[in-house]
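Since the structure comes first, as structure tokens, the remarks are kept for the end.
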Amino acid sequence: MFERFQTIEHAPMREYTTLRLGGPADWLVTPRSTRELIQVLSEAREADLPVTVIGHGSNLLVLDGGIRGLVIRMAQGLRDCFVQGKLLVAEAGVMMGAAANLAAEKGLSGLEFASGIPGTVGGGVLMNAGAYGGEMSQIVQEVTIAHRDGTLETREKDALAFGYRASALQAGEDIVCQVTMRLNTGDMAAIREKMSELNRQRRDKQPLDVPSAGSAFKRPEGAFAAALIDQCGLKGYAVGGARVSTKHAGFLVNTGDSAQDFLELMKSVQRIVEEKTGIHLEPEIKIMGEDIK
Ligand SMILES: Cc1cc2nc3c(=O)[nH]c(=O)nc-3n(C[C@H](O)[C@H](O)[C@H](O)COP(=O)(O)OP(=O)(O)OC[C@H]3O[C@@H](n4cnc5c(N)ncnc54)[C@H](O)[C@@H]3O)c2cc1C
């Protein structure tokens, strides 16, 4: 199956997620163009296979039993990116850092916030990824989407219902193929300096040398997840090899090999924080796949 494409059978999902966890996907295909993506979807439909889409896997916890059916990996596949006036057009598999670098090279400002987010432009739109006061909703102009039946549609920003780490695309059926972002003319040196400064701040505050999926929980209204977790004395708290980072309590890191441990850590942190502060933490990380049977 999927012989015509860049395909891996029984693909270990730990190799395709920044958390380095997760059992095998039955098939993992990396389409190299929108045309290939549509062909892959057609084969999956004919074989009646469930389809899961991932970007760079930087916001994912894949469970130990892996993912049944087909995983379409956009990172490393659809990677075209170009600038037209003040518009930056990127295919979904382009990394946010690469898009930010291209913008800087062309003297375009607006994507500096994204330079250290280790995900794809497609995943970034779906998650409305953001940092340091910027987020994708501020710059996205339109998005081209492939439906599961292989038809393409272009949607304007207003139809994407962006919210905090949320968008209408999270309903799950649409596949982001291409994103058009509107940027502003800026000073190249100032843009580069801002990107370096934000990345310095990241390196100082975040545990970038240990596998994680970034902030595990969304920011609750009127509070910060990391501060609440810290306040509850949970820095360093562990379930097996999954632990709350001692550097940044909002990051749950993986030093082991069990997605089950990671899931239990997430649930324990949620329970303890809710018991002690009354605030419910909602996961930002997306959980996929199945347990070991
Ligand atoms: C060290 C570290 C730091 C981080 N810092 C930040 C930060 O500052 N701000 C922030 O917002 N996030 C941050 N994150 C989280 C993560 O990088 C973002 O959420 C990112 O946008 C996810 O992109 P991705 O390509 O990795 O998507 P994935 O993790 O692969 O997928 C995320 C979701 O998007 C879906 N998806 C991905 N691509 C597509 C597509 N083309 N079409 C349809 N659905 C798709 C997947 O099904 C899944 O539901 C961080 C993560 C790490 C590891």
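Laid out as a table, the results:
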item	result
Segment 202-222 residues that are over 17 Å from GLY97 (Cβ atoms), paired with ones that are more than 10 Å from the ligand (Cβ to nearest atom) and of a type in the set (Val, Ile, Thr) (beta carbon under 6 Å, 6 or more apart)	PRO220/ILE279
Residue, farthest from the ligand (Cβ to nearest atom), within segment 163-185, restricted to residues that are part of a loop (DSSP other than H, G, I, E, B) and buried (at least 18 other Cβ atoms within 10 Å of the Cβ)	LEU183
Residue among GLY107, GLY116, GLY66, GLY93 that is touching a helix residue (DSSP H, G or I) at 6+ places or on another chain (Cβ under 7 Å) and not assigned by TED's automatic domain parsing to the domain that holds LEU198	GLY66
Flag for LEU234 being closer than 23 Å to THR17 by Cβ, outside the structural domain of MET13 (by TED's automatic domain parsing), among the aliphatic types (A, V, I, L, M) and more than 14 Å from the ligand (Cβ to nearest atom)	no
Residue, farthest from the chain's Cα centre (by Cα), within segment 106-139, restricted to residues that are part of a helix (DSSP H, G or I) and closer than 15 Å to ILE191 by Cα	GLU112
Only one of VAL269, VAL210, VAL244, VAL253 that is in contact with a Pro (Cβ under 7 Å, 6 or more places away or on another chain) and farther than 30 Å from ILE38 by Cα	VAL253
Failed item in (1) closer than 23 Å to GLY116 by Cα; (2) in a loop (DSSP other than H, G, I, E, B), with PHE82 passing the rest	(2)
Elements of type helices (runs of 4 or more DSSP H) in segment 187-293, at least 1 residues being closer than 26 Å to LEU169 by Cα	225-231, 259-277
ALA159 surrounded by fewer than 18 Cβ atoms within 10 Å (Cβ to Cβ), out of contact with any His (no Cβ under 7 Å at 6 or more places or on another chain) and either within 19 Å of VAL53 (Cα to Cα) or of a type in the set (D, E, K, R) (or both)	no
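The values are calculated or read from the model by the stated rules, or taken from the named source; none is laboratory data. In this text, all values refer to a predicted model and were calculated from it rather than measured experimentally. Virtual Cβ from ideal backbone geometry, glycine too; neighbours counted across all protein chains shown.
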